[in-house]
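Reading through the structure tokens given below for one structure.
The values are calculated or read from the model by the stated rules, or taken from the named source; none is laboratory data. None of these values were measured; they are calculated from a predicted model. Every residue, glycine among them, receives a Cβ derived from its backbone with ideal geometry; neighbour counts consider all protein chains shown.
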Amino acid sequence: MLNILGQLFNRPSAVFGIAVILLMLFAAAFAPWLMPHDPFEQSFDGLTLMGEPLPPGGEFPLGTDLLGRDLASRLILGTRTSLIIGILANGIAVVMGAFVGVLAGYFGGWLGMVLMRFTDLMMAFPALLLAIVLAAIFKPSLLIVALVIAMVNWVQMARVVYTEARSLAEREFIQVQKAIGSSPFRILFRHLLPHLLSSIIVFGTLGISTTVLLEATLSFLGVGVQPPTPSWGNIIFENQTYFNTAPWLVFFPGVAILLLALAFNLVGDALRDILDPTLKGRH
């Protein structure tokens, strides 16, 4: 573990990604103390005499939105929303995908065929379209949005784990365990999963960026996190009509989404290079 951390900190791109992630986690954890204003308070002081949002500066460092609410405070609270959904949804997707992939790869036969054909069926649907349909069916909330995203994203993990588990299941050390009468449960959790753990960690880290982007897209389309709860996506959705006259309302949440997605991608790429020996020296 210390060796992996040491190699991560030797990569400038990974250091940048880790710094951004830690900054976002700090903002999410201490949001109530970091927010300069109440993120839900609609104030006439936050609007011009013409009723338009205030630009960045002074009392409102990132400006205000169309209802006079402090944009900085809403972005900080939105960090918590985006991270909760990103980590929760991706965690569920990783567990589901790894479970299906390991079972299908180890047992094979009719069970593997049924599980992977179902996975292929799920992959055939456009992810965004499927997420929109599922989100429209259920009443959107933090948990529902996380579950919807997980239902869309688990298939990629299942396919990756299945391919590796299928290859490992034919290796000698697995065949030896079968020959000496080890139970499938013991083989799966004591011998197969430890060899798959590096791939699961890497894919899970990279998947958080996809999850954050999908949550922002759903919220922007109005089927994700619902106002007044702020998320970076619905902040853009609420203020898109002011894009020409108040571009900061779209620019700042857009930069936040970009930075968080980029950070997880950079860390995931670094972990992949460190944990997967077959990729060393290719970059």
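Between residues in the stretch 122-151 that are more than 20 Å from S209 (Cα to Cα) and modelled with pLDDT of 80 or more and residues that are assigned to a helix (DSSP H, G or I) and of a type in the set (F, W, Y), which pairs lie under 9 Å by C-beta distance while being six or more apart or on different chains?
M122/W154
Go through the stretch 200-229 residue by residue and tally those that are assigned to a loop (DSSP other than H, G, I, E, B) and either farther than 17 Å from I144 by Cβ or over 21 Å from the mean Cα position of the chain (by Cα) (or both).
The first filter runs over the stretch 200-229 and keeps only residues assigned to a loop (DSSP other than H, G, I, E, B), leaving 221-229.
Of the ones still in play, those that are also either farther than 17 Å from I144 by Cβ or over 21 Å from the mean Cα position of the chain (by Cα) (or both) are 228.
Number of matching residues: 1.
Taking A104 as the residue in question, decide whether it is in a helix (DSSP H, G or I), modelled with pLDDT of 90 or more and either in contact with a Cys (Cβ under 9 Å, 6 or more places away or on another chain) or over 30 Å from Q156 (Cα atoms) (or both).
On the way: in a helix (DSSP H, G or I): yes; modelled with pLDDT of 90 or more: yes; either in contact with a Cys (Cβ under 9 Å, 6 or more places away or on another chain) or over 30 Å from Q156 (Cα atoms) (or both): no.
Judged against the criteria, A104 is not a match.
If we scan the stretch 198-212, do we find a residue that is out of contact with any His (no Cβ under 8 Å at 6 or more places or on another chain), without any contact (Cβ under 8 Å) to a residue 40 or more places away in the chain, within 30 Å of I257 (Cβ to Cβ) and not acidic (D, E)?
Looking for residues that are out of contact with any His (no Cβ under 8 Å at 6 or more places or on another chain), without any contact (Cβ under 8 Å) to a residue 40 or more places away in the chain, within 30 Å of I257 (Cβ to Cβ) and not acidic (D, E), one finds none in the stretch 198-212, hence no.
Anything in the stretch 224-239 that is of a type outside the set (S, T, Y), surrounded by 24 or more Cβ atoms within 10 Å (Cβ to Cβ), touching a Ser or Thr at 6+ places or on another chain (Cβ under 7 Å) and at pLDDT 85 or above? List them, or say none.
Within the stretch 224-239, P230, W232, G233, N234 meet the criteria.
If you check F40, F16, which single one turns out to be at pLDDT below 90 and surrounded by 14 or more Cβ atoms within 10 Å (Cβ to Cβ)? Steps first, please.
Working: F16 fails: at pLDDT below 90.
Matching residue, one of F40, F16: F40.
In the stretch 240-255, what residues are modelled with pLDDT of 85 or more and in a helix (DSSP H, G or I)?
W248, L249, V250, F251, F252, P253, G254, V255
Suppose we filter R80, R74 for residues that are surrounded by fewer than 24 Cβ atoms within 10 Å (Cβ to Cβ), in a helix (DSSP H, G or I) and not hydrophobic (A, V, I, L, M, F, W, C); which single one remains? Explain how you work it out, then say what you get.
Details: R74 fails: surrounded by fewer than 24 Cβ atoms within 10 Å (Cβ to Cβ).
It is R80.
How do the pairs read when you match residues in the stretch 240-261 that are farther than 16 Å from L62 by Cα with residues anywhere that are among the hydroxyl-bearing types (S, T, Y) and at pLDDT 85 or above, using Cβ under 6 Å and keeping only pairs 6 or more apart or on different chains?
A261/S209
May I ask you to verify whether I92 is β-branched (V, I, T) and farther than 30 Å from S167 by Cα? Before the answer, list the steps.
Working: β-branched (V, I, T): yes; farther than 30 Å from S167 by Cα: no.
No; evaluated as a whole, the condition is false for this residue.
Between A169, A165, which is buried (at least 18 other Cβ atoms within 10 Å of the Cβ) and either more than 22 Å from N90 (Cα to Cα) or charged (D, E, K, R) (or both)? Let's see the steps before the verdict.
Working: A165 fails: either more than 22 Å from N90 (Cα to Cα) or charged (D, E, K, R) (or both).
Just one listed residue meets the conditions, A169.
Within the stretch 271-278, can one find any residue that is assigned to a helix (DSSP H, G or I), among the aliphatic types (A, V, I, L, M), surrounded by fewer than 20 Cβ atoms within 10 Å (Cβ to Cβ) and modelled with pLDDT under 85? Can you show your working first?
Let us first name the residues in the stretch 271-278 that are assigned to a helix (DSSP H, G or I), namely 271-275, 277-278.
Restricting the remaining residues to those that are among the aliphatic types (A, V, I, L, M) gives 271, 274-275.
Then keep just the ones that are surrounded by fewer than 20 Cβ atoms within 10 Å (Cβ to Cβ); that gives 275.
Narrowing further to those that are modelled with pLDDT under 85: 275.
Yes, because at least one residue in the stretch 271-278 is assigned to a helix (DSSP H, G or I), among the aliphatic types (A, V, I, L, M), surrounded by fewer than 20 Cβ atoms within 10 Å (Cβ to Cβ) and modelled with pLDDT under 85.
Conditions tested, residue by residue: (1) modelled with pLDDT of 85 or more; (2) outside any helix (DSSP H, G or I); (3) surrounded by 14 or more Cβ atoms within 10 Å (Cβ to Cβ).
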| position | (1), (2), (3) |
| --- | --- |
| V114 | yes, no, no |
| K178 | no, no, no |
| S182 | no, yes, yes |
| R190 | no, no, no |
| S198 | no, no, yes |
